[in-house]
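Structure first, then comments.
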C-alpha cells in the first residue's frame, strides 16, 4: 500500500491489487472501512481502479502524516466478504450499430470479424466496474474480450450523445451525458447511467458486475 | 426581493462552494472558480460563506433589483462599482457590469444569498450535466432570481484589509506541489512562461509554452484528479484542471496548483501569462491554514459592522 498526495487536499491510497474480482473487492472493502470509521478531517472517499482517493480538509486534520497513518491502520484491517455478497449484477440493453454505433463496422474490420461477431463478443463479456468518473455516472468497465480491444480514435469527436456505448483500448463503457469523446462508438442504450433526480444518481458503483444485452431498433425506440 | 436579468453577459452562472460527497458518482466538485472572492463577497453582505452568488465571465450582466438590498462585488473588476465592500442598492436600480477591466471572473453576492434549490448537495451550476444553479444553465435575458435577505445595516466607513485577497495579476507566479508523474518530466514546467489560451473554461485552462516532454512512453491507468491538477496530454501543452473538472483523468499529472493559488489561475484571461513555482506539501498546507485564520478574523470583524 502506498500513499501519494494528490494536491494539497487529497491523498491516493494505491493498494497494488489487480482489477479482477479479488482486487476490486479489496478496493471496495478499504473504501467502506474508511467510510465507516472516517479519520478526522476526511470529507470524501472515492474508490477507483486499484486505489482509494481520500479527500480531506487540512484545517480539520491533525497533521498530514497522522492522517496517512490513520488511513493505513484502517486499510490494513479490512473485512471484505460482507460487501462482496451485496455486489450487484446490472444488465444494460444496447442497440448495436445504426446511428448510435457509427464505428461498429470499423471495429469489426480492424479485428477481422463481422459486426455480429463484435456484438456477440461484447454481449458475451462479464464486466466489472473499476471506477466511476470522467463524467457523472461514467463507469470504467474491465473485462472487454481481447479480440475487440480497439485503440482510441486519433481525433476525438466533439460531441458524443448520452447513452452511446463505446470501446477505448481495453475498456468499454457508456457515455452518460453528451460529451466529447475519443472512443469507438458501437451502439446505444436507452438506460440512464446518470440522473441527478435519482436517490443514487449513478446507476453503477465500483465493484458492480455488468452484462450488455442486444436489443433491436424498435425496442430501443419503445424503451421507457 | 427579485433580480431580473436585462443582459446576461457572456457566461453568468449561479455558484457556491461546490458539491461534496458525490465524487464517487463522478460528480465534480464544481462551485466558484475563484472560491476566495466568492467567500469574501458573501461575508461582506453578512451571508454564510457558501451562500449562492453570481459568477460572470469576461463580460458581465445587467441586472435590475426589485427591492432595497445590499450587494458586494469582488474578483475581477467589471466597472459596476467598488469592489470588496457592501453596497446599498435601491428598489428599481439597475446594476450594469461591462467588460472585465481586471481579472476574468466577477462575483456578486446579495444579502441573504440567491434562493436556489440544492441539487446533489450544492446550489452551483454544473453546465456539462445541466444540473444545479438556475435551471442547470447560464442565465439568459428575462430570468428572474430571488434572494431572501433585506438590506443590511452597515456601521461606519471602513475597508477590508486587501492583503487577505489573492495577489491577482496578469502575470502571476503560481505555486504548485509535485504530481505523481513529476519525475517523468524535466524541469521545464518551473522555468518556462506559459500563456493561457482561449480554449479555457470552467473545466480547465489550457496553456501554451515549450512542450513538456515525458521521458516514459508507458500509458497510464486513469486515476483521480482534482481542481488544480496540471495534466500533460501527448502534445506537451499543460492543462490546469479547474472547478468543473472531471473526477478521473488519464493524462500524466506533472503537478497540482496549490489551493490558495487557484484563484490566480481562475482570474487569468486568454493571453495572460503565468510561471509555476514549486513548494512543499507542508508549505501548501500552512498557506491554507493561514488563509482560513485570516478569513476567520475577517468574519469576526465584519460581525460587528454588518447587522
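The values are calculated or read from the model by the stated rules, or taken from the named source; none is laboratory data. Being a predicted model, the structure only gives us computed values, none of them experimental. Note that we place each Cβ from the backbone using ideal geometry, even for glycine, and neighbour counts take in every protein chain shown.
Here are the numbers:
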{"read-out": "Some residue of the range B:207-222 being under 25 Å from residue B:31 (Cα atoms), free of Cβ contacts under 8 Å to residues at least 12 places away in the same chain and touching a strand residue (DSSP E or B) at 6+ places or on another chain (Cβ under 8 Å)", "value": "no"}
{"read-out": "Test: residue in the range A:114-135 that is away from chain B (no Cβ under 14 Å), in contact with a strand residue (DSSP E or B) (Cβ under 6 Å, 6 or more places away or on another chain), in a loop (DSSP other than H, G, I, E, B) and crowded, with 20+ Cβ neighbours inside 10 Å", "value": "no"}
{"read-out": "Condition check for residue B:231: surrounded by 16 or more Cβ atoms within 10 Å (Cβ to Cβ), closer than 30 Å to residue B:125 by Cβ and touching a strand residue (DSSP E or B) at 6+ places or on another chain (Cβ under 7 Å)", "value": "yes"}
{"read-out": "Residue check for residue A:11: touching a residue at least 12 places away in the same chain (Cβ under 8 Å), within 12 Å of chain B (Cβ to nearest Cβ) and surrounded by 18 or more Cβ atoms within 10 Å (Cβ to Cβ)", "value": "yes"}
{"read-out": "Selected residue [within 11 Å of chain A (Cβ to nearest Cβ), out of contact with any helix residue (DSSP H, G or I) (no Cβ under 8 Å at 6 or more places or on another chain) and over 27 Å from residue B:39 (Cβ atoms)] from B:221, B:225, B:193, B:232", "value": "B:221"}
{"read-out": "Any chance residue B:105 is outside any helix (DSSP H, G or I), more than 14 Å from chain A (Cβ to nearest Cβ) and over 24 Å from residue B:132 (Cβ atoms)", "value": "no"}
{"read-out": "Top-ranked residue of the range B:108-124 - restricted to ones that are within 14 Å of another protein chain (Cβ to nearest Cβ) and part of a strand (DSSP E or B), ranked as nearest to the chain's Cα centre (by Cα)", "value": "B:122"}
{"read-out": "Residue ID - farthest from the other protein chains (Cβ to nearest Cβ), chosen from residues in the range B:265-286 that are under 18 Å from the mean Cα position of the chain (by Cα) and under 11 Å from residue B:228 (Cβ atoms)", "value": "B:266"}
{"read-out": "Number of positions in the range B:174-197 that are more than 17 Å from residue A:7 (Cα to Cα) and either at pLDDT below 95 or loosely packed, with under 14 Cβ neighbours inside 10 Å (or both)", "value": "4"}
{"read-out": "Failed criterion for residue B:306 (all others in (1) at the interface with chain A (Cβ under 10 Å from one of its Cβ atoms); (2) within 30 Å of residue B:47 (Cβ to Cβ); (3) touching a residue at least 24 places away in the same chain (Cβ under 8 Å) hold)", "value": "(1)"}
{"read-out": "Of the criteria (1) crowded, with 22+ Cβ neighbours inside 10 Å; (2) within 12 Å of chain B (Cβ to nearest Cβ); (3) under 20 Å from the mean Cα position of the chain (by Cα), which one residue A:29 fails", "value": "(2)"}
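Matching residues to (1) farther than 25 Å from residue A:28 by Cα; (2) under 14 Å from the mean Cα position of the chain (by Cα); (3) surrounded by fewer than 23 Cβ atoms within 10 Å (Cβ to Cβ):
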| position | (1), (2), (3) |
| --- | --- |
| A:160 | yes, no, yes |
| A:177 | yes, no, yes |
| A:195 | no, no, yes |
| A:198 | no, no, yes |
| A:208 | no, yes, yes |
| A:213 | yes, no, yes |
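Here is a yes/no grid of residues against (1) out of contact with any helix residue (DSSP H, G or I) (no Cβ under 9 Å at 6 or more places or on another chain); (2) touching a residue at least 40 places away in the same chain (Cβ under 8 Å); (3) assigned to a helix (DSSP H, G or I):
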{"site": "A:19", "(1), (2), (3)": "no, yes, no"}
{"site": "A:27", "(1), (2), (3)": "yes, yes, yes"}
{"site": "A:32", "(1), (2), (3)": "no, yes, yes"}
{"site": "A:47", "(1), (2), (3)": "no, yes, no"}
{"site": "A:61", "(1), (2), (3)": "no, no, no"}
{"site": "A:69", "(1), (2), (3)": "yes, no, yes"}
{"site": "A:72", "(1), (2), (3)": "yes, yes, yes"}
{"site": "A:75", "(1), (2), (3)": "no, yes, yes"}
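Residues checked against (1) surrounded by fewer than 17 Cβ atoms within 10 Å (Cβ to Cβ); (2) under 14 Å from residue B:205 (Cα atoms); (3) modelled with pLDDT of 95 or more; (4) not assigned by TED's automatic domain parsing to the domain that holds residue B:56:
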site: B:256; (1), (2), (3), (4): no, yes, yes, yes
site: B:260; (1), (2), (3), (4): no, no, yes, yes
site: B:263; (1), (2), (3), (4): no, yes, yes, yes
site: B:266; (1), (2), (3), (4): no, yes, yes, yes
site: B:277; (1), (2), (3), (4): yes, no, yes, yes
site: B:282; (1), (2), (3), (4): yes, no, yes, yes
site: B:291; (1), (2), (3), (4): no, no, yes, yes
site: B:294; (1), (2), (3), (4): yes, no, yes, yes
site: B:303; (1), (2), (3), (4): yes, no, no, yes
